Amino acid sequence: MLDQPSHTPFTGPLLQVRDLTLHYRTRQGDVRAVDGVTFSLGRGQVLGLVGESGCGKTSLGMGLLKLLPSNARLVRGEIIFDGQDLAPLNDAQMRRYRWRRIAMIFQAAMNALDPVYRVGEQILEAMEAHAWPGIEDGPAGQKRRQAREKVKELFRLVGLDPELMDRYPHELSGGMRQRAVIAMSLACRPDLVIADEPTTALDVIVQERILRELKSIQKELGLSLLYITHDVAVVAEVADQVGVMYAGQLVELGDTPQVFHQPMHPYTAGLLASFPSIRGEKRPLAALPGEPPSLVAPPSGCRFHPRCPRATKECRQEVPPVVGQGNAWAACWHPLGAAQP
Ligand SMILES: Nc1ncnc2c1ncn2[C@@H]1O[C@H](COP(=O)(O)OP(=O)(O)OP(=O)(O)O)[C@@H](O)[C@H]1O
Ligand code: SF4
Ligand SMILES: [Mg+2]
């Protein structure tokens with residue numbers, strides 16, 4: 001599949017991640033932030049990735065773009081994007097993919113806009129740095145004017161008045177800044193957007209409105225979206241498929257309605273019980289006593305066993321098998337519902 005000649009368009013899933021494993025070196029030992037993660041994402045599809053704080057969601061998102069701190073190490077795995085494995089590529093080669101093909105909306109991105117530049121200027125600069133994608137070739141001034149029109153279109157698309165292009169970040173509300181960051185991520189017309197908690201810092205009403213808009217933009221542009229959040233209620237609103245991460249591993253993955261109505265993994269069931277709806281009040285993880293484990297020395301067998309009400313000796317000793325049911329799978333010795341290993 002990967003050896004197709006270059007003139008043949010690659011028709012497989014846009015993104016196939018296989019056995020992705022990423023560690024951080026620390027004085028205490030290696031933090032196993034992403035461990036053996038495998039999933040794929042189709043063209044025009046939305047995959048929601050959920051899990052508690054510290055389970056490795058951001059590390060996975062950054063790992064896909066290989067935007068990693070110096071103490072991180074991609075231990076093994078493949079990141080096959082549009083038929084090309086990104087894992088072995090160096091930084092210069094990765095630059096051809098970042099922004100142009102895969103854009104990222106970083107966690108707390110709305111605070112990441114440079115306060116001394118006007119918002120539109122920052123987007124134009126990013127476009128210029130990537131050789132003006134989607135802009136006809138011509139004299140510099142003409143390209144800039146064309147790009148400015150494009151940015152205005154993008155502002156309208158994300159529900160912002162184009163006049164706001166000429167404002168400084170501090171002159172915009174949190175919701176407006178977040179919309180500007182979304183517009184920026186779309187400026188190079190990427191095929192895939194990785195959105196890391198893009199609405200978490202906003203109040204619920206703004207969050208809901210932006211989510212709805214993001215979903216309609218995603219449909220209109222045919223984007224693939226990897227949507228990272230700790231909030232399962234948000235995933236229910238945007239995602240076709242949902243992946244549940246626990247302690248660096250993907251423990252359940254499947255079509256959103258199926259995972260929501262018939263979770264197989266006890267951790268998924270606990271998460272769902274704690275997030276009644278996007279509007280509802282969040283409850284503590286009542287069904288899940290205890291804390292997520294250390295990723296330097298994670299528990300043996302199933303990493304969830306110290307907190308799992310269904311844990312047995314088997315769970316403590318052996319890595320759980322993957323069991324499938326309908327359009328979902330879970331890694332568990334004693335899954336909920338009908339499926340049994
Ligand atoms: N640069 C780093 N060096 C060492 N450990 C790190 C580094 N970055 C993250 N970690 C650790 O890796 C694990 C995963 O972190 P990550 O930020 O990916 O989690 P997350 O799921 O995105 O959490 P949150 O929901 O709080 O954003 C955590 O244990 C974290 O402490
Ligand atoms: S493998 Fe065992 S401990 Fe892990 S989630 Fe399943 S039942 Fe619980
Ligand atoms: Mg994070």
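With respect to the chain, whose longest principal axis is taken over its alpha-carbon atoms, helix 140-157 is tilted by about 50°.
Full extension of the chain between residue 95 and residue 163 gives 21.4 nm of extra length, using 0.36 nm per residue less the Cα-Cα distance.
Our summary gives the chain a relative contact order of 19 percent, counting only alpha carbon pairs under 8 angstrom and 6 or more residues apart. For region 61-143, the square roots of the Cα gyration tensor eigenvalues, ordered a ≥ b ≥ c, give a/c of at least 1.5 with a/b no greater than b/c, which places it in the oblate category. In this simple spin-label approximation, residue 312 and residue 84 carry label points 7 Å from Cα along the Cα→Cβ vector, and these lie 4.9 nm apart. In plain terms, the chain from residue 173 to residue 215 could stretch by 13.0 nm, reckoned as 0.36 nm per residue minus the Cα-Cα distance. Which net charge results for the neighbourhood of residue 247, defined as the other residues with beta-carbon distances under 15 angstrom from its beta-carbon, given Lys and Arg at +1 and Asp and Glu at -1? The answer is 0. Computing FRET efficiency as 1/(1 + (r/R0)^6) for residue 336 and residue 208, where r is the C-beta to C-beta distance and R0 is 45 Å, gives about 0.95.
Solvent exposure of the chain amounts to 46 Å² per residue of accessible area, where only protein heavy atoms count and the probe is 1.4 Å. The stretch between residue 30 and residue 130, if pulled fully straight at 0.36 nm per residue, gains 32.5 nm over its current Cα-Cα span. Ranked by the mean number of other Cβ atoms within 10 Å of their residues, highest first, the peptides 318-327, 233-242 come out as 233-242, 318-327.
Note on residue 11 and residue 38: with the Förster distance fixed at 22 Å, the Cβ-Cβ geometry gives a FRET efficiency of about 0.60. With the charge dipole of the chain set up from +1 on Lys and Arg Cβ and -1 on Asp and Glu Cβ about the Cα centre, the Cα lying farthest toward the positive end among the listed residues 115, 39, 175 is that of 115. Only one residue of 154, 304, 193 has its Cα farthest out toward the positive end of the dipole of the chain, where Lys and Arg carry +1 and Asp and Glu -1 on Cβ, and that residue is 304. Overall form of region 105-155: prolate. Here a/c, set by the Cα gyration tensor axes a ≥ b ≥ c, is 1.5 or more, and a/b is the larger of a/b and b/c. For region 195-259, which whole percent of the accessible surface, found with a 1.4 angstrom probe, sits on carbon and sulfur atoms? It is 52 percent, rounded to a whole number.
The values are calculated or read from the model by the stated rules, or taken from the named source; none is laboratory data. Not measured: the values here are computed from a predicted model. Positions of Cβ are backbone-derived with ideal geometry, glycine not excepted, and every protein chain shown enters the neighbour counts. Heavy atoms of the whole protein, side chains included, go into the accessibility calculation; ligands, DNA and RNA do not. Shrake-Rupley method; radii C 1.70, N 1.55, O 1.52, S 1.80 Å.
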